[in-house]
Amino acid sequence: MAQRVFIDGEAGTTGLQIRERLEGRRDIELVSIDPAKRKDADERKRLLNSVDAVILCLPDDAAREAVALIENDAVKVIDASTAYRVAPDWTYGFAEMAKGQREKIAASKRISNPGCYPTGFIALTRPLVEASILPRDWALSVNAVSGYSGGGKAMIAEFENETDPTYTRAPFRIYAMGQKHKHVPEMQKYAGLMRAPIFAPSVGRYYKGMIVEVPLPLAAIANGSKLADVHRVIDAAYKGERFISVATLEESRALKTLDPEGLNGTNALKLFVFGHDEEARLVALLDNLGKGASGAAVQNLNLALGLDEGAGLS
């Protein structure tokens, strides 16, 4: 019997991508609100309480409002906003992050979908922190570039509407220069760091795809770790994982460039270790709308409902 799922905010960028991944599945019955009743609070509350699982694709305040409307204890909630990412009573929905995390997600009724940038950053750094190669109090920096779809409908319109007065043909731009980006708390918490990393995000003139980089000055970290040690630890952390792969050192050395659009349309995350024994350049490649958003949400939904984890994903 198909399990009923309501995507609250299905008309948004992430909601549309989730719906696309769920449509046609026989184990899922998608429930939608009547367009004529979209502003009907009673109808929305009824749907939120009548399904097996809800996926929230809403701004933070609207997500909190939706959660407050759910009175049915059996309903499982996956929230794609940042509202509950570091909340102690919510499970962080990064199944590959740690041993036992997959089981926690499967047993939870409140799951917070990870941010796109944190997914790459945590995947690269957490294994090194746990292995004591990377000191917990190290002052890390993280540089990243995302496709403009990561900014939602407003940014998409800005980048694609040439009549908009803010339109620019610049190939990329930096943002969040006040160093208060909303993704930083989850980066610090789930990487296991004592201090927040310095986060330097940017957005490029392309629709989707993401590169997240963490420079690591091995020569300055006084524990004798070499490039091969860094690679060995990261590689071992994701051995056998369905959606995360680690390039060999040989493969990384052979690369001349890396395309941020290289994994678009997939739920894959690929990690690279570049550099030498003096300094490493850790890199994560993913689709910001895939493993960085809608793909991760579907993966978490599958786990929460006891379905094949990879159903609807590639």
Note on Lys256: of the conditions (1) without any contact (Cβ under 8 Å) to a residue 40 or more places away in the chain; (2) in a strand (DSSP E or B); (3) under 24 Å from Tyr206 (Cα atoms); (4) not polar (S, T, N, Q), unmet is (2)
I'd like the residue in the range 189-211 that is surrounded by fewer than 17 Cβ atoms within 10 Å (Cβ to Cβ) and among the charged types (D, E, K, R) and, out of all such residues, is farthest from Leu282 (Cα to Cα).
Arg205
Filter the range 236-250 for residues that are in a helix (DSSP H, G or I) and in contact (Cβ under 8 Å) with a residue 12 or more places away in the chain and give the result.
Ala236, Ala237, Leu249
Could you check, for the range 278-288, whether at least one of its residues is under 23 Å from the mean Cα position of the chain (by Cα) and in a loop (DSSP other than H, G, I, E, B)?
yes
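Restricting attention to the range 20-30, and to residues there that are assigned to a strand (DSSP E or B) and touching a Leu at 6+ places or on another chain (Cβ under 7 Å), which single residue is surrounded by the most Cβ atoms within 10 Å (Cβ to Cβ)?
Ile28
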Under 6 Å between Cβ atoms, which residue pairs at least 6 apart in sequence (or on different chains) link something in the range 30-43 that is under 17 Å from Arg19 (Cα atoms) and without any contact (Cβ under 8 Å) to a residue 40 or more places away in the chain with a partner that is among the β-branched types (Val, Ile, Thr) and part of a strand (DSSP E or B)?
Leu30/Val5
Against the conditions (1) crowded, with 16+ Cβ neighbours inside 10 Å; (2) at pLDDT 95 or above, where does Ile33 fall short? Just the number, please.
(2)
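This table checks each residue for (1) surrounded by fewer than 22 Cβ atoms within 10 Å (Cβ to Cβ); (2) more than 15 Å from the chain's Cα centre (by Cα); (3) not aromatic (Phe, Trp, Tyr).
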position	(1), (2), (3)
Glu43	yes, yes, yes
Ala74	yes, yes, yes
Tyr84	no, no, no
Glu96	yes, no, yes
Gly100	yes, yes, yes
Ala106	yes, yes, yes
Arg136	yes, yes, yes
Ser149	no, no, yes
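The values are calculated or read from the model by the stated rules, or taken from the named source; none is laboratory data. The shown structure was predicted, so the numbers you read here are calculated from the model rather than taken from an experiment. Ideal geometry is used to build each Cβ from the backbone, glycine not excepted, and the neighbour counts take in all protein chains shown.
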